[in-house]
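Asker: One structure is given below, represented as structure tokens, and several questions about it will come after.
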Amino acid sequence: MRSKLVAGNWKMNGNLASNQALLTSLVPLLAPISVTRCVVCVPYPYLAQTEQILRGKGISWGAQDVCQYEHGAYTGGVSAGMVADFGCRYVIVGHSERRALFGDTDEVVAQKFVAVLKAGLTPIFCVGETLAERESGVMEQVIARQLDAVMAKSGAVALEGAVVAYEPVWAIGTGKTASPEQAQAVHALIRGRVAEQDMRVADGLPIIYGGSVKASNAAQLFAMPDIDGGLIGGASLVAEEFAGICKAAG
Ligand code: PEP
């Protein structure tokens, strides 16, 4: 039986004052939720603040990306080991915004995935197709290519320490959610692809859905057999909304 996970992706939002308000509101709202793992992925400069407020409160925190390298002459880079110093347990890798806006290729995403595992953290590894890819009938190939790049680099067994997030690019920040059936179909496909290499890992792999999830549509999505929680963008910036989504996960 896989436990549910709901992760907030704050993206490049927040400041010291608004984070303080959001995090301190989340603590009592999420306290009664003991089964679902609740996570907030915040911008790097606020990891220390997040750690200070959330430590010991039953909510985990993480980063939204890391550099693929461990240390050295990579100006502006932040390594997985550095974010681990701030108590992070999770790191998002391969988010579609990183792929589209910052040039993260499948190979770079695979390198980041390995770097996160090496630092003892859990990658939240994002895959997903654009609308053009879905409409031209290549969605399956795109998802398979993204998954295979990571499995080729680290072996399917490495997914044992990871979470996969299916995020159709056309549903991110658009208000257009994939229907529970549409999402379930792709989640089953992802699990099947991993199962071709390792059935046991595939069975235990948490696959979460992201794309305009709100408190009002979360329960239907999370009721599907292969949807193990959510990766939440916009709605994770509103404490009651994020708490509502975590509650919907059980
Ligand atoms: C995301 O950025 O990962 C995301 C799912 O965003 P939103 O919930 O705003 O669609």
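The values are calculated or read from the model by the stated rules, or taken from the named source; none is laboratory data. Computed from a predicted model, the values in this text were never measured in an experiment. FYI the Cβ positions are ideal-geometry reconstructions off the backbone, even for glycines, and counts take in every protein chain you see. SASA here: full protein model, heavy atoms, side chains in, ligands and nucleic acids out. Shrake-Rupley method; radii C 1.70, N 1.55, O 1.52, S 1.80 Å.
Asker: Taking a probe of 1.4 angstrom, what is the accessible area of residue 102 in Å², to the nearest 10?
Answerer: Spelled out: residue 102, probe radius 1.4 Å, area about 130 Å².
Asker: Also, I was wondering about something else. Need one number: nm distance between label points at residue 220 and residue 73, each 7 Å from Cα along Cα→Cβ, rounded to one decimal.
Answerer: For the pair residue 220/residue 73, the computed spacing is 5.6 nm.
Asker: Please work out the Cα center distance from region 113-176 to region 24-42, rounded to the nearest Å.
Answerer: Using only Cα atoms, the two centres lie 25 Å from each other.
Asker: Heavy atoms of the protein only, probe of 1.4 Å, neighbouring chains included. What is the accessible area of residue 34 in Å², nearest 10?
Answerer: Approximately 100 Å² of residue 34 is accessible to the 1.4 Å probe.
Asker: Could you order 212, 25, 236 by accessible surface area, starting with the largest, using a probe radius of 1.4 Å? Write down the numbers at each step before the final one.
Answerer: Numbers: 212 25, 25 45, 236 0 Å².
The ranking, largest first, comes out as 25, 212, 236.
Asker: May I ask which residue of 75, 31, 12 lies farthest towards the positive end of the charge dipole of region 2-77, with charges of +1 (Lys, Arg) and -1 (Asp, Glu) on Cβ and the Cα centre as origin?
Answerer: The one lying farthest along the dipole's positive direction is 31.
Asker: Could you tell me the relative contact order of the chain? Use alpha-carbon pairs under 8 Å, at least six residues apart, and round to a whole percent.
Answerer: Values: 490 pairs, mean separation 56.5, N = 250.
RCO, the chain: 23 percent.
Asker: I would also like to ask the following. What do you get for Rg/Rh of region 130-221 when both radii come from the Cα atoms and Rh is the Kirkwood radius? Mind dumping the intermediate values first?
Answerer: Details: Rg = 13.5 Å, Rh = 13.8 Å.
The Rg/Rh ratio comes out at 0.98.
Asker: Enumerate the amide H contacts of residue 5 below 5 Å, restricted to partners 5 or more residues apart or on another chain; note that Pro and chain-start residues carry no placed amide H.
Answerer: When sequence neighbours closer than 5 places are left aside, the close amide H contacts are 37, 229, 230.
Asker: Rolling a 1.4 Å sphere over the protein heavy atoms, what is the accessible area per residue of region 19-164, to the nearest Å²? Mind dumping the intermediate values first?
Answerer: On the way: 6420 Å² over 146 residues.
Result: 44 Å² of accessible area for each residue.
Asker: Over region 114-250, what is the relative contact order in percent, taking alpha-carbon pairs closer than 8 angstrom and at least six residues apart?
Answerer: Numbers: 212 pairs, mean separation 31.1, N = 137.
This gives 23 percent for region 114-250.
Asker: Once neighbouring chains are kept in place and the probe is 1.4 Å, which whole percent of the accessible area of the chain is contributed by carbon and sulfur?
Answerer: On the way: 6030 of 10630 Å².
The value for the chain is 57 percent carbon and sulfur by accessible area.
Asker: In addition: For the chain, give the share of DSSP beta bridges that are antiparallel, in percent and rounded to the nearest 5; count only bridges with both residues there.
Answerer: Values: 0 of 27 bridges.
Here the antiparallel bridges make up roughly 0 percent for the chain.
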